[in-house]
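A.B. asks: This is the structure, below, for whatever I ask next.
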Amino acid sequence: MDAKELSKEYFNKKGIDSQFDVVLGELAFSVIHEWKQIMKNSVTLLKRGGRIGLLDWYRPKNDVVTKMINYFADAEITRDTESYVKSLVSEYKPIYKFFFQSVYIGKGIK
């Protein structure tokens with residue numbers, strides 16, 4: 001489905017429970033144009049105590065490597081998706097960073 005349509009109303013119309021235990025984003029928020037809206041909608045679908053897991057890119061400097069990754073992946077990896085998810089959940093922590101500290105795995109609890 002189109003991730004922009006994620007909402008309680010969408011799932012309720014389909015007769016599906018709109019409260020989830022887990023939301024998982026794998027290399028998604030660095031490539032989706034409306035990433036803030038979609039991340040916020042995803043977190044609103046979590047039950048209290050529900051978890052969000054992220055695996056994504058983040059490089060704060062816009063150097064040649066970043067520009068190449070952005071071009072070939074059709075991404076924007078200078079987005080600080082971790083800081084944004086921290087503002088949406090009560091508890092977030094990074095778990096692991098690799099590929100020159102540019103790819104991260106993190107988890108949060110609503």
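The values are calculated or read from the model by the stated rules, or taken from the named source; none is laboratory data. What you are looking at is a predicted structure, and each value in this text was computed from that prediction instead of being measured. Cβ atoms come from the backbone with ideal geometry, glycine included; neighbour counts cover every protein chain shown.
A.B. asks: Being surrounded by 15 or more Cβ atoms within 10 Å (Cβ to Cβ) and of a type in the set (Asp, Glu), is that true of even one residue in the range 21-40?
C.D. replies: no
A.B. asks: Of the residues in the range 98-110, how many are touching a Gly at 6+ places or on another chain (Cβ under 9 Å) and either surrounded by fewer than 17 Cβ atoms within 10 Å (Cβ to Cβ) or under 18 Å from residue 34 (Cα atoms) (or both)?
C.D. replies: Number of matching residues: 2.
A.B. asks: Out of all the residues in the range 75-110, which are among the basic types (Lys, Arg), under 15 Å from the mean Cα position of the chain (by Cα) and not in a loop (DSSP other than H, G, I, E, B)?
C.D. replies: Initial filter on the range 75-110 (among the basic types (Lys, Arg)): 79, 86, 93, 97, 107, 110.
Next, from what is left, pick out any that are under 15 Å from the mean Cα position of the chain (by Cα): 79, 86, 93, 107, 110.
Listed by number, the residues that qualify are 86, 93, 107.
A.B. asks: Exactly one of (1) under 23 Å from residue 7 (Cβ atoms); (2) out of contact with any helix residue (DSSP H, G or I) (no Cβ under 9 Å at 6 or more places or on another chain) is unmet by residue 98. Its number?
C.D. replies: Result: residue 98 passes all but (1).
A.B. asks: Restricted to the range 57-83, and to residues that are under 22 Å from residue 105 (Cβ atoms) and of a type in the set (Phe, Trp, Tyr), which residue is surrounded by the fewest Cβ atoms within 10 Å (Cβ to Cβ)?
C.D. replies: Across the range 57-83, the extreme among qualifying residues is 72.
A.B. asks: Scan the range 33-74 residue by residue and report those that are of a type in the set (A, V, I, L, M), touching a Leu at 6+ places or on another chain (Cβ under 9 Å) and either in a strand (DSSP E or B) or within 25 Å of residue 93 (Cβ to Cβ) (or both).
C.D. replies: 38, 39, 43, 45, 52, 54, 55
A.B. asks: Can you tell me which residue is farthest from residue 102 (Cα to Cα) among those in the range 15-38 that are at pLDDT 90 or above and either touching a Pro at 6+ places or on another chain (Cβ under 7 Å) or of a type in the set (Gly, Ala, Ser) (or both)?
C.D. replies: Only one residue tops the list, namely 15.
A.B. asks: Which count do you get for residues in the range 21-34 that are in contact with a strand residue (DSSP E or B) (Cβ under 9 Å, 6 or more places away or on another chain) and over 11 Å from residue 77 (Cα atoms)?
C.D. replies: Residues in the range 21-34 being in contact with a strand residue (DSSP E or B) (Cβ under 9 Å, 6 or more places away or on another chain) and over 11 Å from residue 77 (Cα atoms): 6 in total.
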